[in-house]
Structures are given as structure tokens and as C-alpha cells.
1. Counting Lys +1, Arg +1, Asp -1, Glu -1, what net charge surrounds TRP107 among other residues with beta carbon under 9 Å of its beta carbon?
2. List the residues whose amide H sits under 5 Å from the amide H of ALA79, counting only those 5 or more places along or on another chain, with H placed 1.01 Å from N in the peptide plane.
3. Quick one: net charge of TRP27's neighbours, Cβ under 15 Å, K/R +1, D/E -1?
4. Using Cα pairs closer than 8 Å and at least 6 residues apart in sequence, work out the relative contact order for segment 91-164, in percent.
5. Rounded to the nearest 20 debye, what is the charge dipole size of segment 304-365 about its Cα centre when +1 sits on each Lys and Arg Cβ and -1 on each Asp and Glu Cβ?
6. Cα centroids of segment 191-263 and segment 321-354: how far apart, whole angstrom?
7. Of the accessible area of segment 197-290, with the probe set at 1.4 angstrom, what percent is carbon plus sulfur?
8. Relative contact order for segment 292-365 using alpha-carbon pairs under 8 Å, separation at least 6, rounded to a whole percent?
Amino acid sequence: MTSFPDWPVPDDDVLEALRACYADGSWGKYEGAYVGHLRERLAADHDVPFALTCGSGTFAVELALRALGVGPGDEVALAAYDYPGNFLGVHAVGAHPVLVDLDAAGWQMSLESLREAVGPATRAVIASHLHGGLVPMRELTEFAAGRGLRVIEDAAQCPGAVVQGRRAGTWGDIGVLSFGGSKLLSAGRGGAILTRHADVHQRARLAQHRGNVVCPLSELQAAVLLPQLDKLDDRNEKRLRNVRFLAARLDGVPGLRLFGGQPADSRPGYYKVGFQFDEAAFGLTRARFVAALRAAGVAFDEGFRALHAGRSASRYRKGGDLTEADRAHRGTVVLHHPVLLGSEADVEEIAAAVRGVRANAAFLQ
């Protein structure tokens, strides 16, 4: 491969939506034809009565916490390996994060560790589906209901995914979506929350209004998201086929394992394809692995920094041992999604590049 695939991809339907938004003047209005339609589509597609749009997925998490009444003196449990904006969103409402370890197979939130981490001040849980992995939401929500905890399901990386028979983002009290410029549904910026609860929806609306809408999604952004929603399921299916093909082509490469442990009756979504990388088994440091693949034109990156890495211990409570989160901090590598809409030949080039780096590991030290 000689370059990274562009994202978003050219799309005649998006172009037509832009033209229509210009022609009817919605692009310059507070309220036009598109934001309301997008909310209705999101609610219908996720089989929930309420959807509320906003300016980013990061703000959507904060809005969700406020809508659930989380504030000073409360604790919020989340995986110790997660998007850093979720950690900061907890602090934004005056609450305190409780960091939970991961399961070994898929490096998603461990329910066993969550059970040990919850304390008397814990009010809510943020469960994020990351890098093609899925948290078992049926078991998580059953546990949360028994302990009086509210659940925010962060589906920012996997719109359209299915978790144990239901759309990602519909298991918790609130689901979160993101429409950032690199996301599967892209509007440059933007986000949304989903909920079945009328009171939660009303509190979110009130939290967003301060004389005007704070951090809104624009009519122009909503216009370009609507045609992408029409194509989301087909595109997710193609991404899934290509990930399975890639996994088969990389089978047997030492030190590189696709995130596993998916719950039954589930279909993951792939914004990033997550791999557990073992430097000793592969024969190369993670940094050199990523650099070599990027030099070959393959969009591999290191994963997130663990939330407890480099932060003062006063900013969180450690909910038990974080062994797997430490491993994820050191050993996650991710492949960016645009190539997954390509052909099997494109995916074969990725596999060949990885195998080539492995074969030449001794020379790349």
C-alpha cells in the first residue's frame, strides 16, 4: 500500500444532501429541516423513543451524566483503559472516577472487576465498546439494576453494532454516539444521546439549554449524516467481512491477537480494529511495529494511554488490581477503519505488510 485511504469517502448522496440543505436555507438557520429528522431517525433505528443531538460525543457523555443526576460526591465506574474524554467528563460534573480492570480476552470492562470496584458512593457506570470489542451489556445492566446504578453505554466507536441481540447504545439508561471526523458516521464533529426514559431526556434537554442550545449539532451536519445512516448497516457488514478475512490471514503470527471474547448474539462494529500486541513474542517493540507499518502505508497506531498512567492518584479511585489495563496500556495496537471498505486485495496487502514486518523484525530493532 502506498497511502492511507481517505475518510470520509466521496459520496454522491452526501453531496446531494449538502446541496439540498443549501437550497432550502437550512444551512443558516437555528432550526431547519434536518436536525429534527436526524433525531427521529436515530430514535427509530435504535428502537428508543428519545434521541438528542449535540456538538460532540465527548459532550454527550457529560450531558448523559448530568441527565442522570450525577454530581459532586458521586463516583462513576469506568474501565481503566478507555477514551480519556470519558474520565474528564466525570470530573466535569464534579464526580470522581473509579477505574475498573479489563477482561483478558478482549480488553473490555471486566464485570468481575466492576463488582469488586463498586462502593457506597458509586452512582453510575460508563461502559465503552472499544476497538471492535463489546461489553456484555445484559449481564452489566442486570448487575447495575441490582445495585441501583445508572448505566451509560458508550457506542461512539461502533454505531450500528449489535450487542446480545440489541443495537449498541440501547442497553443502558443512556447510549452515546459520536459523529467526529474520523468516525463511522462522520460530520466533522457531533454526537447524540439515546434513551428510553422521558425524565432523563427532559433533564438532558434542560442541561443543554442556557438561553440557547449549548454545544449544538448544526443543520448542515445533520444533513450529511442522514444519507450515511442509510448505508451504515451495509458498510458495517463489509467491514466485518474484511476483519474476518484479515484475522484469518494473520492467524499464526506470534504476538498479535485480535481482540476476542465477543458475547453471543452480537455483531461488532469496527472504527478501530484492536489487536493485543506482545512485544516479546513478536520480536519487536510496539513503537517500532507501528512505525514500520505506517512507513508501509498501513494506518496502525498505538492504543489509548490507560487512565491511571501518569495521572495523580488523587484524581481517581483504583477499583482493585489493574493488571489487564496495564497490559492494554502497553500492548494495544489499532488499525483505522477506512481500508475496511476496500477489497480483499487491499486487506491482503495489510496482512502481507504485517507478515513482512514480522519476518524482518531482527533488522528493525
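The values are calculated or read from the model by the stated rules, or taken from the named source; none is laboratory data. Please read all numbers here as calculations on a predicted model, not as lab measurements. All Cβ positions, glycine included, derive from the backbone under ideal geometry; neighbour counts span all protein chains shown. With ligands, DNA and RNA removed, areas are computed over all heavy atoms of the protein, side chains included. Shrake-Rupley method; radii C 1.70, N 1.55, O 1.52, S 1.80 Å.
1. Details: positive: ARG327; negative: ASP103, GLU324.
Once positives and negatives cancel, what remains is -1.
2. Residues meeting the criterion, in which the H sits 1.01 Å from N, are VAL100, SER128.
3. Details: positive: ARG19, LYS29; negative: GLU16, ASP24, GLU31, GLU219.
Surrounding charge for TRP27 is -2.
4. On the way: 81 pairs, mean separation 20.6, N = 74.
Rounded, it is 28 percent for segment 91-164.
5. Details: 9 positive and 7 negative charges, 131 e Å.
Dipole about the Cα centre, nearest 20: 620 debye.
6. First find each Cα centre; the distance between them is then 19 Å.
7. Details: 2200 of 4340 Å².
Result for segment 197-290: 51 percent of the exposed heavy-atom area is carbon or sulfur.
8. Working: 43 pairs, mean separation 30.3, N = 74.
Across segment 292-365, relative contact order equals 41 percent.
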